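The values are calculated or read from the model by the stated rules, or taken from the named source; none is laboratory data. Small disclaimer: the values here were computed from a predicted structure and weren't measured. FYI the Cβ positions are ideal-geometry reconstructions off the backbone, even for glycines, and counts take in every protein chain you see.
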Amino acid sequence: MRLTQLRSFHAVARAGGFTGAAKLLHVSQPTVTTQVRFLEETYGVELFHRRGRTVRLTALGEQLFEIAKQIFSLEGDAIHLLQDSGELRSGHLRVGAVGPFHVTEMLAKFNQRYPTMQVSVRIGNSEEVLRGLLDYQTDVAVLAQFTDDPRFFAVPYSRHPVVVFVHRDHRFARRKEIRIEELKSERLIMREAGSTTRKALENALKRARVKANVVMEIGSRETLREAVAKRLGVGAVSEVEYVGDPRLSKVRISNAEVYTHAHVLCLEERRNARVVKAFLEIVDELRRERAKAGTAPAQERRGWHRR
């Protein structure tokens, strides 16, 4: 088996077809088709189910695709290792994130340090972001929750209090703080199940023996903000994500520990890859700056994994 054949197979699997693969590789479609057919005929296997112009991986093809993703990820690491005499003057950092709030300052510092590096960001939910790491589609990820999975190397980055926000005519609007028990009679508008902000608030309400009166679930911060602005209920958000609005007032919770956290993750096997290591060094510098300011979580926290 030649690497060019495996590369063509990998491109077809990524693109979902031979035409897309040819564009990815900047070669002709017949070249890609020939490489994949030769690979299948050499080993007497079927790697794709072909239906017109669309293709779908067979069970064997899916197994080979997992191996191919690792091979070409390592190839990229090898190229980075050999390029630029040990300095990151070229290459591509791929970042997955659940939102822009935490990742932006990391990217700003990374770009300042490595201005010629290409950077791309994929935004998704936690499951999508973790899948991106496992599929070698991203190098690092910024999540709002910790995952206790030995496949990942995780660094706790920051923590932020959860605040509630209300319409400016609400009885809480003129107050800076409320007690968590005061939410008992309120109509709560929450993010979707699985939201880290929702989990943090619900856990705090449970500890305080306050039954949450959730009247609406909304899948985006922007729509939640509009629902509160229309007096449909009381919302909650991590303070760092709160966007000021003249229609709304932000109120802190005085007597409960309600926090969301940001964590930076990579695959354990790739933590020493050059571009990953460079990003983690940036994160570590920012963590030290936060520690001086008193906003970084302690290293003893569960999310700190250095094996």
For Lys69, which of the numbered conditions (1) surrounded by 14 or more Cβ atoms within 10 Å (Cβ to Cβ); (2) under 20 Å from Tyr136 (Cβ atoms); (3) free of Cβ contacts under 8 Å to residues at least 24 places away in the same chain fails to hold? (3)
Being in a strand (DSSP E or B), at pLDDT 90 or above, outside the structural domain of Ser249 (by TED's automatic domain parsing) and under 18 Å from the mean Cα position of the chain (by Cα) narrows Arg122, Arg131 down to just Arg122
Quick one: count up the residues across segment 55-64 that are closer than 22 Å to Arg270 by Cα and surrounded by 18 or more Cβ atoms within 10 Å (Cβ to Cβ). 1
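In the set Val240, Val228, Val155, Val210, which member is at negative phi and assigned to a strand (DSSP E or B)?
On the way: Val240 fails: assigned to a strand (DSSP E or B); Val228 fails: assigned to a strand (DSSP E or B); Val210 fails: assigned to a strand (DSSP E or B).
From the options Val240, Val228, Val155, Val210, the qualifying one is Val155.
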Can you say whether Thr196 is under 29 Å from the mean Cα position of the chain (by Cα), closer than 30 Å to Phe72 by Cβ, surrounded by 13 or more Cβ atoms within 10 Å (Cβ to Cβ) and not hydrophobic (A, V, I, L, M, F, W, C), as far as the supplied structure shows? no
Criterion (in contact with a Cys (Cβ under 7 Å, 6 or more places away or on another chain) and either modelled with pLDDT of 90 or more or under 30 Å from Arg94 (Cβ atoms) (or both)) met by exactly one of Phe146, Phe172, Phe153: Phe153
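Determine, yes or no, whether Ala108 is closer than 24 Å to Thr196 by Cβ and loosely packed, with under 14 Cβ neighbours inside 10 Å.
Answer is yes for this residue.
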Filter segment 263-274 down to residues that are at pLDDT 90 or above and outside any loop (DSSP other than H, G, I, E, B) and give me whichever is nearest to Arg191 (Cα to Cα). His263
Residue tally, condition free of Cβ contacts under 8 Å to residues at least 40 places away in the same chain and aliphatic (A, V, I, L, M), over segment 176-201: 1
Segment 261-280 residues that are closer than 15 Å to Gln70 by Cβ, paired with ones that are modelled with pLDDT under 90 and charged (D, E, K, R) (beta carbon under 8 Å, 6 or more apart): Glu268/Arg307; Arg270/Asp77; Ala273/Asp77
Given Arg159, Arg191, which one is modelled with pLDDT under 90, surrounded by 15 or more Cβ atoms within 10 Å (Cβ to Cβ) and farther than 16 Å from His263 by Cα? Arg191
Identify, please: which residue in segment 40-96 is closer than 16 Å to Arg14 by Cβ and assigned by TED's automatic domain parsing to the domain that holds Asn272 and is, among those, modelled with the lowest pLDDT? His92
